[in-house]
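Note sheet for the following structure.
Read-outs: derived from the displayed coordinates by stated rules, not from any lab. Only a predicted model underlies this, so the values are computations on that prediction, with no experimental measurement involved. Neighbour counts run over all protein chains shown; Cβ positions are idealised from the backbone, glycine included.
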Amino acid sequence: MRAVFITGGTTGIGMELAKIYAGRGWKVGVCGRERSKFEENFEIHRDNVTFYQVDVSDRTQLKSAISNFSKTTGLDLLIANAGIGYKFKTKVPDFEFSYKMVHVNLLGVMYAFEAALDVMIPQSKGQLVAISSIAGYNGLPGVSAYSATKAGVLKFCESLHLDMRQFNINVTTICPGFVDTPLTQSNHHPMPFLMKAPRAAELIFRAIEKKKMVYAFPFIFSILVRILGMLPRTWYRFLMNRKVLNYSRES
Ligand SMILES: NC(=O)c1ccc[n+]([C@@H]2O[C@H](COP(=O)([O-])OP(=O)(O)OC[C@H]3O[C@@H](n4cnc5c(N)ncnc54)[C@H](OP(=O)(O)O)[C@@H]3O)[C@@H](O)[C@H]2O)c1
C-alpha cells in the first residue's frame, strides 16, 4: 500500500489528483479549510481518502495532520497543492490579500515539506511535489504576489531537489498554465490554452511518476513564457505594457 498526502485536495487540480491516486489503490490524505467541499466532491473511492480540516498557513495544524496520516499509512508522496489567487489583476496590489497569499502559497508549501521530511528523511525515501505555476517564470502585471509566491516555490524546490538526493528523496515542481478550476472560473481576462482539470491532473500524475525535476505545461505556453523570461528587460517591459497582454485595473 502506498500513501500520498495532498494539500488543498478538495477541489480543482488537487481533487482530480486525489481521485487518480485513490482509484489506483493508494491511501490518500487531503486537506482543506471547508469539509463540505470534501463531502460534496468525493463520492467514489471514498474508503481510500481521509479528509483533514486544516489551514495550510497554520504550521502546527498542518504538521499534526500530516503526522497523523503518516502514522497509519506511511508516506510515499506529498503534494503541496493548496493555493489562492487574485480575483482581479490590479496595478495597486491588495496588500492584505497578498500577505495571505504568501502565507498560503509559499509558507504553506514549506510547512507541508517540513512535516513530510520528518517522515521521509528517517525512512530514506519519498517524493515531494509542489504546484507552482507558469506565472512563476515572470513577474506578471497585476498579480505581483501570485507571481512572487510561485517563483519562490519554483526556486525553493530547485534547491531542495539538489539537497534531498542524499536522503533518496525526489523533489518535483509542477508549473501549470491555465486550468479550468474554481480558482480560474472568476477570472475576467482571456486564458489561452485553458485545460480541463482532469486532463491537467493526468499530465501531472505522469510527471510525478517520471520523477521530473520541473514539469511546465501546456508545452507551447511553457515555451512562450520561458522565452519571455529570457528577453532583455526593455523588450519584456515593452511587450507586457501592451493592452493585449496587460489586464491590470488601476486599483
Ligand atoms: N487553475 C489554474 O489555472 C492554475 C494554474 C497554475 C497553478 N495553479 C495552482 O494549482 C493549485 C491548485 O489550484 P486550483 O486551480 O486547483 O484551485 P482551487 O480549485 O481553488 O483549489 C484550491 C484547493 O486548495 C484549498 N485551499 C485553499 N486555501 C487553503 C488553505 N489556506 N488551507 C488549506 N487548503 C486551502 C481549497 O480548499 P478550501 O477552500 O476548502 O480551503 C481547495 O481544495 C494552486 O496552488 C494554484 O495556484 C492553478
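Of A80, M164, L140, which is farthest on the positive side of the dipole of the range 3-240, counting Cα position, with +1 on Lys and Arg Cβ, -1 on Asp and Glu Cβ, and the Cα centre as origin?
The listed residue farthest towards the positive side: L140.
Show that you can apply the helix-only estimate: for the chain, add -39,500 (n - 2.57) for every DSSP H stretch of four or more residues, divide by all residues, and state [θ] at 222 nm to the nearest 500.
-14000 deg cm²/dmol
Farthest toward the dipole's positive end in the range 110-251, which of G126, Y215, G229, given Cβ charges of +1 (Lys, Arg) and -1 (Asp, Glu) about the Cα centre?
About the Cα centre, the residue reaching furthest to the positive side is G229.
Can you tell me the Rg and the Dmax, both Å, for the Cα atoms in the chain?
Every Cα atom of the chain included, Rg and Dmax give 17.8, 55 Å.
Quote the charge dipole size of the range 129-251 about the Cα centre in Debye, to the nearest 20; the model charges only the Cβ of Lys and Arg (+1) and of Asp and Glu (-1).
Computed charge dipole of the range 129-251: roughly 260 debye.
Excluding residues on the same chain fewer than 8 positions from K19, give the lysines whose Cα lies under 18 Å from its Cα.
K27, K37, K196
Kindly rank 207-214, 138-145 from highest to lowest mean number of other beta carbons found within 10 Å of each residue.
Top to bottom by mean Cβ count within 10 Å: 138-145, 207-214.
Assign unit charges at the C-beta atoms only (+1 for Lys and Arg, -1 for Asp and Glu), then state the dipole size of the chain relative to its Cα centre in Debye, rounded to the nearest 20.
Roughly 700 debye for the chain.
Which of the residue pairs K91/K211; K63/K100; K150/K210 have a Cα-Cα distance greater than 27 Å in the structure shown?
K91/K211
Can you name the helices of the chain, as whole DSSP H runs, whose Cα span along the helix axis is 27 Å or more and whose Kyte-Doolittle mean is not below -1.0?
Membrane-span-like by this criterion, though nothing is claimed about a membrane: 144-163.
May I ask you to order 9-19, 53-63 by the average number of other C-beta atoms within 10 Å around their residues, highest value first?
Per-residue mean Cβ counts within 10 Å order the peptides as 9-19, 53-63.
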